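Asks: Before anything else, here's the structure in question.
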């Protein structure tokens, strides 16, 4: 079954997205649609849907995704699909996908190794950008490390977010705001590294990234759409701006010097508050939370 270039086995993994009231979101549906559109070109030996249960939903993200996939491609062989239903986050997605591939019968028998497997990962463009940024600036904690250590070849199939070009003014505004806060994960990773003493200072690239985030967020807040719902979101986000701006000013101060003990203490106190605020905002401003598509669930 040789594919050339030493590739003996091809796999496509669709990363899950939280299930809302038993239904998949528009964003998750767009990932599955992209898979369906590229099936003939990719010609995979295996399709993995990865994601565990969240909330009170009866089905895991993986199973719900597979059910939706069968509506688009009812003839696809069930024996070529695996639902990975334990993952709770992106790190576990990659870890559990790698574990399953490592235990394929052909791999265990020595017919071919992980280095002979090609993995295509399907997710939203902003999610993949974040993974690549962490890989670039913090390779020690990259989600891709397990794949690289096993020499498994991987590629990304990026899917545009369905909300950023929405004709609905409020939805588009919410999406832009959410993606900027999501991009602050780079800051979170740097801070976690400092708290765990894996990093000794705040990196200049991270400071620049955060300052760019804050600049865009400030501009979005000034263009808040009309309407009561948008006003509530605007008020909630505005409450966080003082701490974020203070955060940015502190980063600038530390840009060209190592952190002192007192500065580390300052960050250790501020970090939990920052993280909680971002988490809360993510739940409020994520446009995906309210967008669902019909399906057999």
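Asks: If residue 142 satisfies all but one of (1) surrounded by 15 or more Cβ atoms within 10 Å (Cβ to Cβ); (2) in contact (Cβ under 8 Å) with a residue 40 or more places away in the chain, what's the number of the condition it fails?
Replies: Only one criterion in (1) surrounded by 15 or more Cβ atoms within 10 Å (Cβ to Cβ); (2) in contact (Cβ under 8 Å) with a residue 40 or more places away in the chain is unmet by residue 142, namely (2).
Asks: Still on this structure, I have one more. Just checking, which of 93, 89, 57, 103 is within 13 Å of residue 14 (Cβ to Cβ) and in the same structural domain as residue 153 (by TED's automatic domain parsing)?
Replies: Numbers: 89 fails: within 13 Å of residue 14 (Cβ to Cβ); 57 fails: within 13 Å of residue 14 (Cβ to Cβ); 103 fails: within 13 Å of residue 14 (Cβ to Cβ).
93 is the lone residue from the list that is within 13 Å of residue 14 (Cβ to Cβ) and in the same structural domain as residue 153 (by TED's automatic domain parsing).
Asks: Now, a different point. Kindly evaluate residue 162 against the criterion of being part of a loop (DSSP other than H, G, I, E, B) and in contact with a helix residue (DSSP H, G or I) (Cβ under 8 Å, 6 or more places away or on another chain).
Replies: Values: part of a loop (DSSP other than H, G, I, E, B): yes; in contact with a helix residue (DSSP H, G or I) (Cβ under 8 Å, 6 or more places away or on another chain): yes.
Answer is yes for this residue.
Asks: Here is a follow-up. Hey, among 134, 189, which residue is over 29 Å from residue 39 (Cβ atoms) and not assigned by TED's automatic domain parsing to the domain that holds residue 44? Let's see the steps before the verdict.
Replies: Values: 134 fails: not assigned by TED's automatic domain parsing to the domain that holds residue 44.
So the residue among 134, 189 that is over 29 Å from residue 39 (Cβ atoms) and not assigned by TED's automatic domain parsing to the domain that holds residue 44 is 189.
The values are calculated or read from the model by the stated rules, or taken from the named source; none is laboratory data. These numbers were taken from a predicted model, which means no experiment stands behind them. Note that each Cβ is placed from the backbone with ideal geometry, even for glycine, and that neighbours are counted across all protein chains shown.
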